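**Student:** First the structure, which I've put down as C-alpha cells, then a few questions once you've had a look.
The values are calculated or read from the model by the stated rules, or taken from the named source; none is laboratory data. As the structure is a prediction and not an experimental result, all values here were calculated from the model. Note that each Cβ is placed from the backbone with ideal geometry, even for glycine, and that neighbours are counted across all protein chains shown. Note: areas computed on protein heavy atoms with side chains; ligands, DNA, RNA excluded. Shrake-Rupley method; radii C 1.70, N 1.55, O 1.52, S 1.80 Å.
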Amino acid sequence: MTAPLETTSASAEAQPEAVLAGAGPSQIEGRSLGQIAWTRFKRDKAAVAGGIVVICLVLMAALAKPIQAIFDLDPNKFNQDLVDPALQAPKGAWGGMSWEHPLGVDPGFGRDLLARVIEGSWVSLLVAVGATLVSVMIGVILGVVAGYYGGWVDSVVSRLMDTFLAFPLLLFAISLSASVQDGFWGLTGLPLRIAVLIFVIGFFAWPYIGRIVRAQTMSLREREFVEASRSLGARGPFIIFRELMPNLVAPILVYATLLIPTNILFEAALSFLGVGIAPPQASWGGMLTDAADRYEADLQYMFVPGLAIFITVLAFNLLGDGLRDALDPRSK
C-alpha cells in the first residue's frame with residue numbers, strides 16, 4: 001500500500017516541472033514595473049519614432065558648436081554673392097539650395113539656413129527645458145503640499161494658482177524683457193535674454209502642473225500605504241518624500257514631456273514678437289520673424305524654421321503620449 005502512495009506523491013511533485021517543461025527562464029521570470037512600462041512603450045511605434053527624433057534633436061543641440069566647427073558651418077557668415085540684389089531673394093531655385101547649402105540661404109544676407117537651424121536648436125531647447133524644470137520644481141512642491149495637508153494650506157495655494165493663471169503672461173514678458181535690456185544680476189546680452197525667458201515662461205506656467213500634482217496627491221493620501229505609514233508614526237515630510245513622490249514620478253514625467261513643446265512654441269512666439277532672442281543670434285522664432293517680411297520673395301526661408309518647430313513639437317508630443325500610455329495603461 002505504501003508504493004502507490006509514494007508514486008502518487010512523486011508524480012504530484014513532478015507535475016509543476018512537467019507543466020513548465022517547455023518554458024524558458026525568461027518566460028517565468030518576474031518583471032518590474034519599469035520593464036513592463038518599457039515593453040508597452042516599445043509597442044507604440046509612433047512614440048518610439050518620436051523618442052528617436054527627440055534624442056537626435058537633443059544631440060544636435062548639445063553638439064551644435066562641434067558640428068559647426070567640423071563641417072565649417074558659420075550661422076552668421078554673409079554670402080552676398082548668393083543673393084540677387086534686385087529681387088532680394090537667393091539666386092537659384094528652392095531658396096538657393098545646393099550641396100554647399102542643403103537648406104538654402106536667407107534672402108537678406110545669404111547666411112546658411114542649415115547652420116542657423118542648428119544654432120537655433122540649442123537656444124530653443126535650452127529655454128524650453130529650463131522653463132520646464134522651473135515649472136516642475138515649483139508646481140510639484142506646492143502641489144504636493146496643498147494636496148497632502150489640505151485645509152487653509154490648500155486654500156492659499158489654490159488661490160495663488162488662480163492668480164497666476166489669470167496673469168497676463170505675454171504682457172509681462174514684453175515689459176520685463178524691455179526693462180532689463182541693459183543688464184540684470186550681472187548678466188548681459190544673450191545669457192540675460194535666455195535667463196529672462198526661462199524665468200518668465202517657467203515661473204508663470206507652474207500652476208498647470210501644480211493642479212495635476214495636487215489632484216494626484218489628494219487621491220494618494222487616502223490610500224492604504226499612506227494610512228499604514230501614519231499608523232507607524234511617520235510624519236508629513238517622510239510620507240511626502242518616501243510614499244507620495246515615488247507614485248507621482250509617472251504623471252510628472254509625462255506632463256513635463258508634454259510641457260516642453262508648449263514652451264518651445266512660446267519661446268518662438270516671443271522671439272517672433274521681438275522680445276525673445278535678439279539678433280544676430282539665431283533662433284527659430286527669430287528666423288520666422290525675418291521670414292515674415294520676405295516670404296513673398298522667398299517662401300523657403302519661412303518653411304525651414306517652421307518645419308523645424310513642427311518636427312520638434314510633434315516628436316515631443318508623440319513621446320509624451322507614448323509615455324502616458326506606457327506608465328498608465330488605464331489612460332487609453
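**Student:** Hey, does the range 235-249 have a residue that's open to solvent by 80 Å² or more (accessible area, probe 1.4 Å) and acidic (Asp, Glu)? Walk me through how you get there before you give the answer.
**Tutor:** So in the range 235-249, the residues open to solvent by 80 Å² or more (accessible area, probe 1.4 Å) come out as 235, 238, 241-242, 249.
With the extra rule that they be acidic (Asp, Glu), the set shrinks to none.
Checking the range 235-249: not a single residue is open to solvent by 80 Å² or more (accessible area, probe 1.4 Å) and acidic (Asp, Glu).
**Student:** Based on what the data block shows, is Val254 surrounded by fewer than 19 Cβ atoms within 10 Å (Cβ to Cβ) and under 20 Å from the mean Cα position of the chain (by Cα)? Working first, answer last.
**Tutor:** Numbers: surrounded by fewer than 19 Cβ atoms within 10 Å (Cβ to Cβ): no; under 20 Å from the mean Cα position of the chain (by Cα): yes.
Criteria not met by Val254.
**Student:** Regarding Leu253, is this residue touching a residue at least 24 places away in the same chain (Cβ under 8 Å) and in a helix (DSSP H, G or I)? Show your work before the answer.
**Tutor:** Working: touching a residue at least 24 places away in the same chain (Cβ under 8 Å): yes; in a helix (DSSP H, G or I): yes.
So Leu253 fits the description; yes.
**Student:** Only one of these conditions is not met by Ser155: (1) open to solvent by less than 50 Å² (accessible area, probe 1.4 Å); (2) more than 22 Å from Ala268 (Cα to Cα); (3) small (Gly, Ala, Ser). Which number is it?
**Tutor:** It is condition (1) that Ser155 fails.
**Student:** Can you pull out every residue in the range 272-300 that is open to solvent by 50 Å² or more (accessible area, probe 1.4 Å) and aromatic (Phe, Trp, Tyr)?
**Tutor:** Phe272, Tyr295
**Student:** Are any residues in the range 256-286 farther than 30 Å from Leu323 by Cβ and part of a helix (DSSP H, G or I), and if so, which ones?
**Tutor:** Just the residues of the range 256-286 that are farther than 30 Å from Leu323 by Cβ, to begin with: 273-275, 278-282, 286.
Answer for the range 256-286, where residues must be farther than 30 Å from Leu323 by Cβ and part of a helix (DSSP H, G or I): just Gly286.
**Student:** Also, quick follow-up: Please find, among Leu259, Leu265, Leu319, Leu288, the residue that is over 30 Å from Ser32 (Cα atoms) and within 15 Å of the chain's Cα centre (by Cα).
**Tutor:** Working: Leu259 fails: over 30 Å from Ser32 (Cα atoms); Leu319 fails: over 30 Å from Ser32 (Cα atoms); Leu288 fails: within 15 Å of the chain's Cα centre (by Cα).
Result of the check over Leu259, Leu265, Leu319, Leu288: Leu265.
**Student:** Here are the criteria: (1) open to solvent by 30 Å² or more (accessible area, probe 1.4 Å); (2) touching a residue at least 60 places away in the same chain (Cβ under 8 Å); (3) closer than 26 Å to Ala269 by Cα; (4) hydroxyl-bearing (Ser, Thr, Tyr). Tell me which single one Ser179 does not satisfy.
**Tutor:** The number of the failed condition is (2).
**Student:** To continue, here is another question. Which one of these does Leu142 not meet: (1) aliphatic (A, V, I, L, M); (2) under 15 Å from Ala282 (Cα atoms); (3) open to solvent by 10 Å² or more (accessible area, probe 1.4 Å)?
**Tutor:** (2)
**Student:** Let me ask you something else. Any residue at all in the range 101-124 that's touching a residue at least 24 places away in the same chain (Cβ under 8 Å), of a type in the set (A, V, I, L, M, F, W, C) and touching a Phe, Trp or Tyr at 6+ places or on another chain (Cβ under 6 Å)?
**Tutor:** Keep residues of the range 101-124 that are touching a residue at least 24 places away in the same chain (Cβ under 8 Å), which gives 103-124.
From what's left, of a type in the set (A, V, I, L, M, F, W, C): 103, 105, 109, 113-115, 117-118, 122-123.
Applying the additional criterion that residues be touching a Phe, Trp or Tyr at 6+ places or on another chain (Cβ under 6 Å) yields 109.
Checked against the condition, which is being touching a residue at least 24 places away in the same chain (Cβ under 8 Å), of a type in the set (A, V, I, L, M, F, W, C) and touching a Phe, Trp or Tyr at 6+ places or on another chain (Cβ under 6 Å), the range 101-124 yields at least one hit.
**Student:** Could you identify the single residue in Pro66, Pro90 that is within 20 Å of Gly286 (Cα to Cα) and open to solvent by less than 70 Å² (accessible area, probe 1.4 Å)? Can you show your working first?
**Tutor:** Working: Pro66 fails: within 20 Å of Gly286 (Cα to Cα).
Unique residue meeting the criteria: Pro90.
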